[in-house]
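Have a look at the structure below before the remarks.
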Amino acid sequence: MAELQLHKCPKCGYEVQANQLGHDTFMDGEYYDFRCHNCNEIVSINVFDMAKQGMTLTCPECNKSDMLSNWNPVEGSCPKCNSHLIASGEYIMAN
């Protein structure tokens, strides 16, 4: 079971549900979080999809290649305005 926490940006209001580590395991596999520098979204990609794509990962939101970087809510910042995200204390349990 995965444990996601809601993280909010106090400056622009952006919200993302993510594991503190930037990756988690669900029933359908392991997922890693990335920041897309094109569409400014946080996206999760399954390791099987990562393996299929090889060295050039494509954002599932905007379909741009080579625009993703590893991300987690502790070390990363808001993809919209670069402010520090605040953990809301709200946890989401997922399978």
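Amide H to amide H distances under 5 Å link residue 41 with 36, where only residues 5 or more positions off or on other chains count and H is placed in the peptide plane. In this structure, the amide hydrogen of residue 19, modeled 1.01 Å from its nitrogen in the peptide plane, lies closer than 5 angstrom to those of 5, counting only residues at least 5 positions away or on a different chain. Computed with a 1.4 Å probe over protein heavy atoms only, the accessible area of residue 88 comes to about 40 Å².
When restricted to Cα atoms, the range 23-72 yields an Rg and a Dmax of 10.2, 29 Å, respectively.
Between residue 25 and residue 64, the distance separating the two model label sites (each 7 Å from Cα on the Cα→Cβ line) works out to 3.4 nm. Amide hydrogen proximity for residue 83: with H placed 1.01 Å from N in the peptide plane, the residues at 5 or more positions away or on another chain lying under 5 Å are 78.
Which of the chymotrypsin sites (Phe, Trp or Tyr not before Pro) across the range 1-53 are loop residues per DSSP, with 11 or fewer other Cβ within 10 Å? List each step's numbers first, then the result.
Details: sites: 14, 26, 31, 32, 34, 48; in loops: 14.
Sparse-neighbourhood loop chymotrypsin sites (Phe, Trp or Tyr not before Pro): none present.
Within the shell defined by Cβ-Cβ distances under 13 Å, the residues around residue 68 carry a net charge of -3, with Lys and Arg each +1 and Asp and Glu each -1.
Using θ = phi - 60° in the Karplus curve 6.51 cos²θ - 1.76 cosθ + 1.60, the 3J(HN,Hα) couplings for the range 10-21 round to x, 8, 10, x, 4, 10, 8, 9, 8, 7, 4, 7 Hz; x is entered for Gly and Pro. Largest mean-square fluctuation among 21, 85, 68, in a Gaussian network model of the chain whose springs join Cα atoms under 10 Å apart, belongs to 21.
Each of 56, 20, 9 was placed along the dipole of the range 1-89 (beta-carbon charges, centred on the mean Cα), and the one lying farthest toward the positive end is 9. Name the most mobile residue of 80, 52, 11, meaning the one with the largest mean-square fluctuation, in a Gaussian network model of the chain with Cα contacts below 10 Å. Evaluated over the chain, the most mobile residue of the options is 52. Comparing 54, 29, 76 in a Gaussian network model of the chain, where Cα atoms under 10 Å apart are tied by springs, the biggest mean-square fluctuation is seen for 54. Candidate values (i) 64, 31, 27; (ii) 36, 31, 19; (iii) 30, 29, 23 were compared with Cα extents along the principal axes in Å computed on the shown model; the agreeing label is (ii).
The values are calculated or read from the model by the stated rules, or taken from the named source; none is laboratory data. A quick note: this is a predicted structure, and the numbers were derived from the prediction, not measured. Here Cβ is always computed from backbone atoms with ideal geometry, including for glycine, and neighbour counts include all displayed protein chains. All accessible areas refer to the heavy atoms of the entire protein, side chains included, with ligands and DNA or RNA removed. Shrake-Rupley method; radii C 1.70, N 1.55, O 1.52, S 1.80 Å.
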